[in-house]
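Below you'll find the structure, written out as structure tokens, and then a few comments.
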Amino acid sequence: MQGKTLVISGGTRGIGRAIVLAFAKAGVNVAFTYNSNEELAKEQVDDLQKTYGIKAKAYPLNILHPEEYKEVFASIDKDFNRVDFFISNAIISGRSVVGGYTKFMKLKPRGINNIFTATVNAFVVGAQEAAKRMEKVGGGSIISLSSTGNLVYIENYAGHGASKAAVETMVRYAATELGPKGIRVNAVSGGPIETDALRAFTNYEEVKEKTAELSPLNRMGTPEDMAGACLFLCSENASWVTGHTLIIDGGTTFK
Ligand SMILES: NC(=O)c1ccc[n+]([C@@H]2O[C@H](COP(=O)([O-])OP(=O)(O)OC[C@H]3O[C@@H](n4cnc5c(N)ncnc54)[C@H](OP(=O)(O)O)[C@@H]3O)[C@@H](O)[C@H]2O)c1
């Protein structure tokens with residue numbers, strides 16, 4: 001994978017940060033986006049370049065405005081000579097999920113729309129831009145992060161869970177149409193993973209305890225667990241895997 005380029009949204013924290021590190025360790029150049037943490041992103045760029053000897057760059061992006069991806073990719077074209085991997089990872093939280101991250105009877109169209117825009121529409125525009133570049137280098141691998149909250153009940157998660165189900169369907173459509181261009185498209189669906197997004201859950205402590213109890217492996221997931229799956233799906237080892245959702249849940253969904 002050395003010398004190839006990864007483009008990933010939300011590389012500053014949690015799962016995105018772990019993915020950036022895993023790919024950098026494998027010698028992959030990294031173009032990642034940030035939203036609020038510009039300083040952190042700049043520090044990260046310096047660290048990655050010094051520690052792993054790869055090229056790294058950070059770009060601002062707000063996934064509530066998916067069309068911004070066009071500008072991001074235009075800048076990436078100036079800084080990198082190819083795009084091989086694209087991972088749609090960023091997720092919104094806070095004010096923009098009011099009316100979306102709540103109980104069913106309190107859902108509001110605006111909150112749901114924001115979540116769908118940030119998860120489904122952002123995946124579509126980002127993947128379209130990435131695929132145009134991948135076609136020029138003979139193929140590539142696209143991944144959307146997903147969540148097992150579209151398979152099992154998670155309190156307040158209706159908006160996110162429904163958007164993840166939608167993005168997994170979008171992944172299968174993209175895989176079917178982009179396969180002939182040598183582009184594989186998959187989803188990595190996680191059970192509860194220890195990150196800021198999960199710590200923002202109102203019932204975080206309860207989720208953490210319950211996950212460890214449900215998992216035959218007796219622990220919650222880590223960002224590195226998710227990064228390993230992404231690295232596999234972008235490698236040649238996954239050359240016949242497409243249109244698939246790889247579930248990384250420590251065995252919690254079955255129980
Ligand atoms: N945590 C879990 O339990 C879990 C489980 C399964 C799947 N997932 C999925 O994994 C992915 C990453 O989740 P995470 O837990 O790592 O999230 P996180 O720790 O909250 O990190 C969110 C990332 O998204 C960026 N971001 C926030 N708002 C944004 C916006 N409006 N526009 C663009 N970027 C924005 C943040 O950038 P700044 O730092 O610059 O603000 C940050 O890099 C998500 O798709 C999530 O659904 C998570």
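Listing for the model above:
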item: Residue check, residue 99 more than 9 Å from the ligand (Cβ to nearest atom) and at positive phi; result: yes
item: Residue among 42, 25, 70 that alone is within 25 Å of residue 118 (Cα to Cα), in contact with a helix residue (DSSP H, G or I) (Cβ under 7 Å, 6 or more places away or on another chain), modelled with pLDDT of 95 or more and surrounded by fewer than 18 Cβ atoms within 10 Å (Cβ to Cβ); result: 70
item: Yes/no for residue 59 being assigned to a strand (DSSP E or B) and surrounded by 19 or more Cβ atoms within 10 Å (Cβ to Cβ); result: yes
item: Matching residues in segment 97-109 - criterion: being within 21 Å of residue 121 (Cα to Cα) and either surrounded by fewer than 13 Cβ atoms within 10 Å (Cβ to Cβ) or in contact with a Cys (Cβ under 8 Å, 6 or more places away or on another chain) (or both); result: 109
item: Tally, over segment 85-96, of residues that are more than 10 Å from the ligand (Cβ to nearest atom) and either among the aromatic types (Phe, Trp, Tyr) or surrounded by 17 or more Cβ atoms within 10 Å (Cβ to Cβ) (or both); result: 2
item: Filter result (more than 10 Å from the ligand (Cβ to nearest atom), part of a helix (DSSP H, G or I) and in contact with a helix residue (DSSP H, G or I) (Cβ under 8 Å, 6 or more places away or on another chain)) within segment 209-226; result: 224
item: Conditions (1) part of a helix (DSSP H, G or I); (2) within 20 Å of residue 7 (Cβ to Cβ); (3) charged (D, E, K, R); number of the one not met by residue 205; result: (2)
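Listed here are the residues, each with its yes/no results for (1) among the acidic types (Asp, Glu); (2) free of Cβ contacts under 8 Å to residues at least 24 places away in the same chain; (3) outside any helix (DSSP H, G or I).
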{"position": "3", "(1), (2), (3)": "no, no, yes"}
{"position": "16", "(1), (2), (3)": "no, no, no"}
{"position": "42", "(1), (2), (3)": "no, yes, no"}
{"position": "47", "(1), (2), (3)": "yes, yes, no"}
{"position": "71", "(1), (2), (3)": "yes, yes, no"}
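Here's the yes/no breakdown for (1) of a type in the set (D, E, K, R); (2) free of Cβ contacts under 8 Å to residues at least 60 places away in the same chain; (3) farther than 27 Å from residue 26 by Cβ; (4) crowded, with 18+ Cβ neighbours inside 10 Å:
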residue	(1), (2), (3), (4)
177	yes, yes, yes, no
187	no, yes, no, yes
196	yes, no, no, no
225	yes, yes, no, yes
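The values are calculated or read from the model by the stated rules, or taken from the named source; none is laboratory data. The shown structure was predicted, so the numbers you read here are calculated from the model rather than taken from an experiment. So basically every Cβ, Gly included, is an ideal-geometry build from the backbone, and we count neighbours across all protein chains shown.
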